[in-house]
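The values are calculated or read from the model by the stated rules, or taken from the named source; none is laboratory data. What you see is a predicted model, and the numbers here were worked out from it, not measured in a lab. Cβ atoms come from the backbone with ideal geometry, glycine included; neighbour counts cover every protein chain shown.
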């Protein structure tokens, strides 16, 4: 029966805490189809979860950090009696280099086992989605789906590679960039435009030599930068994730940024995020129209005329688009 | 007065052999504006020049090969009394890695000097064009402009880097891939998908050790491939461009492919090229509409509603697009 469940029923069940329904919901949203877009639309008006992006070069320890933060966040946010205690933590693992999706990545399986008995944790991998918009649309849609399922805190772990990393950073509420001791990482971050999107720097493996240097290098780069328009200076914290050291500092920084976002900066960010998502949706939709256009007999006929030199390609396209 | 010349007048002057007008025409076409697209459209119904794309990794000697082929082609095609003797040769230098355009690239300046006294030769660099479509639209438009100016043979020299290389290959009548002795180049060609688009392989610097090996490697790769649907097997020729060796073999291969294209393969190719150009034009046009859409007050208002959670981004975009 569940296999045939209508999207609406899935959404209701996911809202009610049904994890199998939630997994299916994400699978639907992950696809690029008219049905998935309708369902995604239905999830978008829920109050958005606070999402923490964790990005950085391979080997910086992002996965371990994410694992330990799950536990720390549940304890901290549940325990500290904040305005809205977090009762469950979602994790989205984004790997644009992987052809797999749906939780098939090795690292997740390991984590699945670790957190398997904890009903407050939901972990999901996102890889590629169709050809239109791809991950840059799938990640915000997945966040919206988790928000609709009443998640209030979601960690989005991204492999730090180029455009996807920046795309995800524009999607999450806060972006933490993980580096390890050594000048190289900081330089790479600067080169890739990551300095501009980072709300927090985490120097992980800080028990290695050079942690203080890395911290100083990052601080200098921030000093050299023009400063952010929203007035937030990204904190730099040191962690040793494997030993649970520094996690409280990370959560303090999250709390600090959360407070910052209660001001006008939060509104500006929400607006920018909405506009970016709308732009992506428009672009994906127009890409679909092009695909539809080029597979019509009228397009083939017009191409034949262009090939024969009886019309020009600009005029032919204009005629097709106005028809 | 010339600075104010209308596009139509430019086109007429270029057709009449005015090289300054032709240079201006290409500058207009190179830009991304409504005027440039109107002008480009006007050039497209001329009989297309035969264009030979020359691509390959840096250091394979493409520039020297192009230089020597200019002279050889003028002699051969003018002299051999073929159906339509070539009276002038155009050269487009495409360098996607260069921010310069309009003939500012060093290699061209050298060539300019070499061919400066030869009125039958016209050399032009193309770098970036606007943001919509960029070089993938600018190159076919420049070819159309040269065709309108009665050029019948154009060499398009491209730095062999990724997508642009493949884009240009889909634009030219014939694509020659230049490699040097050594297995590396052939492997790289296979990896980059170049084997599929090559109509001719040129093993340049063939006086170096390993030329026979390179030829054999390429032949084996062609054997391993599924074979081309159009029945053409790309010849493999050896050249030493610095000594003018092998140029006749290249021109023989061009003649052979020209003959091949007189059959159904030529029609299929012209159709594919027209369809590809139309697709690029449609994509560039839709990208412009997105830019226009996101800069309207209505878009800002809708984004504010999405940010406030009173509507979803999919619905908002649909409403904007239907308005």
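Among the residues of the stretch B:226-238, the one identified as at positive phi and either modelled with pLDDT under 80 or not in a loop (DSSP other than H, G, I, E, B) (or both) is B:227.
Filter the stretch A:152-174 for residues that are modelled with pLDDT under 90 and touching a strand residue (DSSP E or B) at 6+ places or on another chain (Cβ under 6 Å); which is surrounded by the most Cβ atoms within 10 Å (Cβ to Cβ)? Among those residues, the one meeting the criterion is A:168. Confirm whether residue B:288 is closer than 30 Å to residue A:303 by Cα, crowded, with 18+ Cβ neighbours inside 10 Å and either out of contact with any strand residue (DSSP E or B) (no Cβ under 7 Å at 6 or more places or on another chain) or within 8 Å of chain A (Cβ to nearest Cβ) (or both). Against the criterion (closer than 30 Å to residue A:303 by Cα, crowded, with 18+ Cβ neighbours inside 10 Å and either out of contact with any strand residue (DSSP E or B) (no Cβ under 7 Å at 6 or more places or on another chain) or within 8 Å of chain A (Cβ to nearest Cβ) (or both)), residue B:288 does not qualify.
Out of the stretch A:5-35, which residues are under 18 Å from the mean Cα position of the chain (by Cα) and either within 11 Å of chain B (Cβ to nearest Cβ) or in a helix (DSSP H, G or I) (or both)?
A:22, A:23, A:25, A:26, A:27, A:28, A:29, A:30
Surrounded by fewer than 21 Cβ atoms within 10 Å (Cβ to Cβ), more than 25 Å from residue A:170 (Cβ to Cβ), within 14 Å of chain B (Cβ to nearest Cβ) and out of contact with any strand residue (DSSP E or B) (no Cβ under 7 Å at 6 or more places or on another chain): does that describe residue A:244? No; evaluated as a whole, the condition is false for this residue.
Checked against the criterion of being surrounded by 15 or more Cβ atoms within 10 Å (Cβ to Cβ) and either touching a residue at least 60 places away in the same chain (Cβ under 8 Å) or in a helix (DSSP H, G or I) (or both), the candidates A:268, A:275, A:319 yield just one match: A:275. The residue that is nearest to residue A:259 (Cα to Cα), among those in the stretch A:175-222 that are modelled with pLDDT under 75 and buried (at least 23 other Cβ atoms within 10 Å of the Cβ), is A:194. With the condition kept exactly as written, say whether any residue in the stretch B:251-263 is within 14 Å of chain A (Cβ to nearest Cβ), surrounded by 13 or more Cβ atoms within 10 Å (Cβ to Cβ) and out of contact with any helix residue (DSSP H, G or I) (no Cβ under 6 Å at 6 or more places or on another chain). Yes.
So which of A:223, A:300, A:249 ends up being in a helix (DSSP H, G or I) and touching a strand residue (DSSP E or B) at 6+ places or on another chain (Cβ under 8 Å)?
A:249
Can we say residue A:282 is within 11 Å of chain B (Cβ to nearest Cβ), within 23 Å of the chain's Cα centre (by Cα), crowded, with 16+ Cβ neighbours inside 10 Å and assigned to a helix (DSSP H, G or I)? Spell out how you get there, then give the answer.
Numbers: within 11 Å of chain B (Cβ to nearest Cβ): yes; within 23 Å of the chain's Cα centre (by Cα): yes; crowded, with 16+ Cβ neighbours inside 10 Å: yes; assigned to a helix (DSSP H, G or I): yes.
It is true that residue A:282 is within 11 Å of chain B (Cβ to nearest Cβ), within 23 Å of the chain's Cα centre (by Cα), crowded, with 16+ Cβ neighbours inside 10 Å and assigned to a helix (DSSP H, G or I).
Of all residues in the stretch A:36-62, those being surrounded by 15 or more Cβ atoms within 10 Å (Cβ to Cβ), touching a residue at least 40 places away in the same chain (Cβ under 8 Å) and assigned to a loop (DSSP other than H, G, I, E, B) number 7.
In the stretch B:19-35, what residues are without any contact (Cβ under 8 Å) to a residue 40 or more places away in the chain and buried (at least 18 other Cβ atoms within 10 Å of the Cβ)? Within the stretch B:19-35, B:21, B:24, B:28 qualify. For residue B:301, the test of being surrounded by fewer than 17 Cβ atoms within 10 Å (Cβ to Cβ) and under 11 Å from residue A:278 (Cβ atoms) is failed.
Summed over the stretch B:286-316, residues that are in contact (Cβ under 8 Å) with a residue 12 or more places away in the chain and in contact with a helix residue (DSSP H, G or I) (Cβ under 7 Å, 6 or more places away or on another chain) total 6.
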